[in-house]
There are 4 protein chains.
Amino acid sequence: MTVRERVAEVVDGKRCQRLIIAVIVVNAVALGCETSPTLVAGFGGLLAAVDHIALAVFVVELAARLFAHRARFFRDPWNLFDFVVVGVSLLPAAGPLSVVRSLRILRALRLVSMVPSMRRVVSALVRSVPGLLSLTGLLLLLLYVGAVIAHNLFARAGDERFADLGATILTLFQITTGDGWSDVMRDLMVQQPLAWIFFVCYLLVGTFTMLNLFIAVVCSAMESDSDAPDQRVLKEVQALREELRLLSAGARIPEHVSRN
Amino acid sequence: MTVRERVAEVVDGKRCQRLIIAVIVVNAVALGCETSPTLVAGFGGLLAAVDHIALAVFVVELAARLFAHRARFFRDPWNLFDFVVVGVSLLPAAGPLSVVRSLRILRALRLVSMVPSMRRVVSALVRSVPGLLSLTGLLLLLLYVGAVIAHNLFARAGDERFADLGATILTLFQITTGDGWSDVMRDLMVQQPLAWIFFVCYLLVGTFTMLNLFIAVVCSAMESDSDAPDQRVLKEVQALREELRLLSAGARIPEHVSRN
Amino acid sequence: MTVRERVAEVVDGKRCQRLIIAVIVVNAVALGCETSPTLVAGFGGLLAAVDHIALAVFVVELAARLFAHRARFFRDPWNLFDFVVVGVSLLPAAGPLSVVRSLRILRALRLVSMVPSMRRVVSALVRSVPGLLSLTGLLLLLLYVGAVIAHNLFARAGDERFADLGATILTLFQITTGDGWSDVMRDLMVQQPLAWIFFVCYLLVGTFTMLNLFIAVVCSAMESDSDAPDQRVLKEVQALREELRLLSAGARIPEHVSRN
Amino acid sequence: MTVRERVAEVVDGKRCQRLIIAVIVVNAVALGCETSPTLVAGFGGLLAAVDHIALAVFVVELAARLFAHRARFFRDPWNLFDFVVVGVSLLPAAGPLSVVRSLRILRALRLVSMVPSMRRVVSALVRSVPGLLSLTGLLLLLLYVGAVIAHNLFARAGDERFADLGATILTLFQITTGDGWSDVMRDLMVQQPLAWIFFVCYLLVGTFTMLNLFIAVVCSAMESDSDAPDQRVLKEVQALREELRLLSAGARIPEHVSRN
């Protein structure tokens, strides 16, 4: 047993995984505590220490796994996920990159990659994405076309929400979620009484497309689940016909055909 | 017939159940009436009396069932539910526990445990919960991670809704339900024009996960419902093949195989 | 051919139905026009005349159908619907009953009972109701229990929306639809910072129950649609096994068994 | 090979299609840039030139396809779509028709007709429409009937949102989408405390009908997907019974029956 194999055994073992899960949870709680000024005033040093130790543990763990699995390490997308999430925390977080400090909590998402049942759920989520690309593309196209039209029609009304193309896209996204669309429309209708035509059309087309996006997700989820029994029945019946034909031709049904 | 058996017969009988249902309904109506100052001024004594009598009836009934079924009583989760709901009403309701008084109306939920069709509905609801634990865990994790990020990014804007971690979690829960999320975002964008990035990302990820939670519920509901016929067909066809093999081997199909 | 049979032939004929549909549409448009003061000022007499003529046509038609079908007339729920809708228009509409005048437009719903494809859609809607009674009962129970609790907890905050039990039920209904629930909650939290506990619990329980109500509708709709082929397969396979047993016993398969 | 055939080969070829897709994308981006005053000030001439060139390319392409396919051209609804979208851009856009200028961006929707996967998605969307006509008709009827009633009941309250029949229809549409319906109701309840009866009824009936509309879409989508295996099983089993009958009658199963 080489050193590499021994490291692999330790790193992929149950004990090591439980330790990492514990570190993730402790780290997540510590980062949560850091949001409270009172706790930071009292235990700021402790919290920072926990964060540094957790990061050190993660770096060591990833290095060990990288050493144990070499190139194979990067073939598993979950490993890539762990790598990026930990890597982000190593970036310098000064000046304009202070936002990066906020992203340290993303390490808590490593819980997903460590707990098998969550891993399965997220894998199922991600697998359903490719089947939705065409519909998502269609929605983005509708958003862009709708935003150009809306900006041309409503920008002169002086409404902040249609001030430039970006703001208009954001407003149309808001309308697609159905939140406060009537306020946006009624504000515009004071100056442009026909504005409702655009809103009603966009809402109907957008909602109908979203509905179909949703149905596509449901259908693909059902399919992978439920057509199995049907397929088994079909195979059984086809085998049965074959056997009957053999029987009719005077042959005995051979054992190995009967149990395929 | 022992006393215990006779008590069990009475307590589990149809008449006793109908009486309890009647008491539950009368009690619920009385507690509803107690919310009206006019009715309390006129009939306060009567309403309090109804409440005390109903509670007494429940206590006697539960004691009788406990006596009749002994340890078995606590194996049925519905009995536990009845026990807790009635027990809550017996707590002293003075001082800081005055909230407990409001919970007396929970006794009306005993209706669910007494009416078989409602019992079945709620049982189905509860049975669908375990299959959703992973996805619910994922949603809670997203809520926590999102709240830590949102608090770090938006707390300095001085917005009440992001003042501490608890408030931020509540705000993100509100955003997940889609109610008034655009108001929250637009208020923040006055100071932090890039706030929309967080909101759009969180909404997309959150909604997509919720959608899949929903689909998981639908799928599990469908499965337990609809694969039964498929399974029966499969069994029938497999039995048929077995019989044909027997026939081919020169044997007669025995009656007991043909009617399994 | 008696007079009764001749009347039935005319009243149930295609021509008469088309005439009635035309009258319904014209009447609905006229009632729509009556909402415009300008049109009433110009053509008030004409619009009132159209309304009176349409009502007369409906009364004559119903009387003829009643004469033709006698007691059978009331067995068809659609006829009852027509009868009630037309009957409402004959009520005196003075004084406190002026609301009844507004209900004349309900006659336009007769279109549903006259157009077969709409009739089928509404029949399907109505048929799905009984399967939902238990869940609807559960939702109403939750609404009542929630309202009593909410009134007891929040009434002293002086909020209009929780002033009495009726107002509280309406507010909880609003929360169940998800419209503006966060505004209601935040207004209360100024005085009662723990109000969010009730809102989050109620929203989770209510939404989860609604979701299951929804799934029950989908499932029952699917079932009535899709288990037919499964059932046919099952019957075919069972018949097949019966035939094979006959064959094995040395008998010929009789024609009438083979084609059941 | 005639000129017509050669033109058809070029126009329907992969290269030409890729060129057109590129032109569509460039044109869409240019029209997006035109919404920014800064970009128009700097590159206005270029952007206008891109727009004119793109339009010229589209006109030439459509003319070539029209020449190549003649009357067949108009049988494909996608061609009609391209024709209308490009035709709109050729209209004079002065004076009251300035809205038409905004519609130039609709050309970006040609992307849908050029990219096969999007084409399939939209075709599926459009195919699901006929099955929904009855339910949509029912919803429109409910909207009209509800609007006439609501206008009669609430117009005298002086609320802008119920001022005339058009405004009332728009308000009811807003209520059906569930956005801000409680605000509308509470504003009215100040003057007419019983207004909630109409809103709750309309919301329940409208939502229930919408839910069924939605279910109809899901069911039709599922059906076209999933009943295929069931049907195949049914056919197999029926063929099997036929063969067994032949066998029982002493005949051999002919090859061609066994493999239908």
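The values are calculated or read from the model by the stated rules, or taken from the named source; none is laboratory data. This one's a predicted model, so the numbers in the text were calculated from it and none came from an experiment. Here Cβ is always computed from backbone atoms with ideal geometry, including for glycine, and neighbour counts include all displayed protein chains. These accessible areas exclude ligands, DNA and RNA; they are computed on the full protein's heavy atoms, side chains included. Shrake-Rupley method; radii C 1.70, N 1.55, O 1.52, S 1.80 Å.
I'd like to verify a number: residues in the range B:26-44 that are surrounded by 13 or more Cβ atoms within 10 Å (Cβ to Cβ) and either more than 12 Å from C:V148 (Cα to Cα) or not hydroxyl-bearing (S, T, Y) (or both), how many?
Of the residues in the range B:26-44, the ones surrounded by 13 or more Cβ atoms within 10 Å (Cβ to Cβ) are B:26-36, B:39-40, B:43-44.
The next check asks that each one be either more than 12 Å from C:V148 (Cα to Cα) or not hydroxyl-bearing (S, T, Y) (or both); those that pass are B:26-34, B:39-40, B:43-44.
Within the range B:26-44, residues that are surrounded by 13 or more Cβ atoms within 10 Å (Cβ to Cβ) and either more than 12 Å from C:V148 (Cα to Cα) or not hydroxyl-bearing (S, T, Y) (or both) number 13.
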Exercise for review: Check the range A:78-97 and report whether any residue there is surrounded by 12 or more Cβ atoms within 10 Å (Cβ to Cβ), at pLDDT below 85, outside any helix (DSSP H, G or I) and under 13 Å from the mean Cα position of the chain (by Cα).
Suggested key: no
Check your understanding: Looking at the range D:103-118, is at least one residue open to solvent by 50 Å² or more (accessible area, probe 1.4 Å) and away from chain A (no Cβ under 11 Å)?
Key -> no
Review point. What about A:L133, is it surrounded by fewer than 17 Cβ atoms within 10 Å (Cβ to Cβ) and in contact with a helix residue (DSSP H, G or I) (Cβ under 9 Å, 6 or more places away or on another chain)?
Key: yes
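Say we look at the range A:55-69 and pick out the residues that are touching a residue at least 24 places away in the same chain (Cβ under 8 Å) and either open to solvent by 50 Å² or more (accessible area, probe 1.4 Å) or more than 25 Å from the chain's Cα centre (by Cα) (or both); which of these is nearest to A:A28 (Cα to Cα)?
First pass over the range A:55-69, keeping only residues touching a residue at least 24 places away in the same chain (Cβ under 8 Å): A:55, A:57-59, A:61-62, A:64-65, A:67-69.
From what's left, either open to solvent by 50 Å² or more (accessible area, probe 1.4 Å) or more than 25 Å from the chain's Cα centre (by Cα) (or both): A:57, A:59, A:64, A:67-69.
Values: A:V57: 14, A:V59: 16, A:A64: 23, A:F67: 27, A:A68: 27, A:H69: 27 Å.
That would be A:V57.
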Review point. Which condition number in (1) at the interface with chain B (Cβ under 8 Å from one of its Cβ atoms); (2) surrounded by fewer than 19 Cβ atoms within 10 Å (Cβ to Cβ); (3) not acidic (D, E) is the one that A:V122 fails?
Key: (2)
Review point. Restricting attention to the range A:33-54, which residues are touching a residue at least 24 places away in the same chain (Cβ under 8 Å) and more than 17 Å from A:V88 (Cα to Cα)?
Key: A:V50
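Could you please let me know if A:N27 is in contact with a helix residue (DSSP H, G or I) (Cβ under 7 Å, 6 or more places away or on another chain), closer than 23 Å to B:D164 by Cβ and part of a helix (DSSP H, G or I)?
Details: in contact with a helix residue (DSSP H, G or I) (Cβ under 7 Å, 6 or more places away or on another chain): yes; closer than 23 Å to B:D164 by Cβ: yes; part of a helix (DSSP H, G or I): yes.
For A:N27, the condition - in contact with a helix residue (DSSP H, G or I) (Cβ under 7 Å, 6 or more places away or on another chain), closer than 23 Å to B:D164 by Cβ and part of a helix (DSSP H, G or I) - is met.
Quick one: which of C:S113, C:S117 is in contact with a Phe, Trp or Tyr (Cβ under 6 Å, 6 or more places away or on another chain) and modelled with pLDDT under 90?
After ruling out the rest, the residue left standing is C:S113.
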Check your understanding: Within the range B:118-167, how many residues turn out to be within 21 Å of B:I197 (Cβ to Cβ) and either outside the structural domain of B:D183 (by TED's automatic domain parsing) or of a type in the set (D, E) (or both)?
Key -> 1
Check your understanding: Listed residues C:D82, C:D179, C:D159, C:D187; which is touching a Ser or Thr at 6+ places or on another chain (Cβ under 7 Å) and within 14 Å of chain D (Cβ to nearest Cβ)?
Key -> C:D179
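Can you tell me which residue in the range A:155-181 is surrounded by the fewest Cβ atoms within 10 Å (Cβ to Cβ), limited to those that are small (G, A, S) and over 31 Å from the mean Cα position of the chain (by Cα)?
Taking the range A:155-181 as the starting set, the residues that turn out to be small (G, A, S) are A:155, A:157-158, A:163, A:166-167, A:178, A:180.
Those left that are additionally over 31 Å from the mean Cα position of the chain (by Cα): A:155, A:157-158, A:163.
Values: A:A155: 17, A:A157: 15, A:G158: 9, A:A163: 14.
Looking at residues that are small (G, A, S) and over 31 Å from the mean Cα position of the chain (by Cα), I get A:G158.
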